[in-house]
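The values are calculated or read from the model by the stated rules, or taken from the named source; none is laboratory data. Please read all numbers here as calculations on a predicted model, not as lab measurements. Here the Cβ positions follow ideal geometry from the backbone for every residue, glycine too, while neighbour counts run over all protein chains shown.
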Amino acid sequence: MRARRQAILGRMTRFTRTLVVLAAALAATAFAQPLSNVGFVDSQYLLTIHPAYQQIVETREMATAELNQVAATVQDLQGRQQAGQTLTAEEQERLQVSIQTLQARYDQEIQALAQPAIDAVNAAIARVAAEMSIGVVLDANVAREMGLVVYAAPGNDLTPMVEAALREGL
């Protein structure tokens, strides 16, 4: 009985070793394969191609101008109030208008304007990636800024192909 148990344990040990060696060989082969299915795009550039981009820029400029004007007014009113001057009810109301509320309103408006462009760019990226069997597409600027990519071959830049697909879809 004891000999039989030892024989079974011996076979199990050999089988386990074989599995470990096979798994190690498969892992080494998998890690040795290049990541040729990774690409990157300049999504900011691609957004500028969309017809909505000019309206987004104009809205941002209008928001900046209005926010600067409101900030100057609030600063003036706060200065007058701190100097001991009594503010009118209308001035008190203007002082209560939050710059953050105004900023949030403009952020929502800009997001609503930008969403169709973002969706179109994302659809073009997905189309090109699928056609080229690309599994991962990184935003080149974000990856560079965050230090996520140290090197990428120029051939991995999908921006020109995505641009063509985007223009075709507009």
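For region 33-90, the candidate set comprises residues that are of a type in the set (Val, Ile, Thr) and under 19 Å from the mean Cα position of the chain (by Cα); within that set, the residue that is farthest from ALA164 (Cα to Cα) is ILE56.
Of the residues making up region 120-152, those that are surrounded by 16 or more Cβ atoms within 10 Å (Cβ to Cβ) and assigned to a strand (DSSP E or B) are VAL137, LEU138, ASP139. Restricting region 153-170 to residues that are in contact with a strand residue (DSSP E or B) (Cβ under 8 Å, 6 or more places away or on another chain) and within 11 Å of LEU46 (Cβ to Cβ), the residue that is surrounded by the fewest Cβ atoms within 10 Å (Cβ to Cβ) is THR159. Within region 137-152, the set of residues being touching a residue at least 24 places away in the same chain (Cβ under 8 Å) and over 21 Å from LEU47 (Cα atoms) comprises VAL149, ALA152. Look through region 74-119, keep the residues that are of a type in the set (Gly, Ala, Ser) and in a loop (DSSP other than H, G, I, E, B), and return whichever of them is modelled with the lowest pLDDT. So the residue we want is SER98. Given the condition in contact (Cβ under 8 Å) with a residue 60 or more places away in the chain and farther than 30 Å from VAL38 by Cβ, answer yes or no: does some residue in region 109-124 qualify? For region 109-124, residues in contact (Cβ under 8 Å) with a residue 60 or more places away in the chain and farther than 30 Å from VAL38 by Cβ: present.
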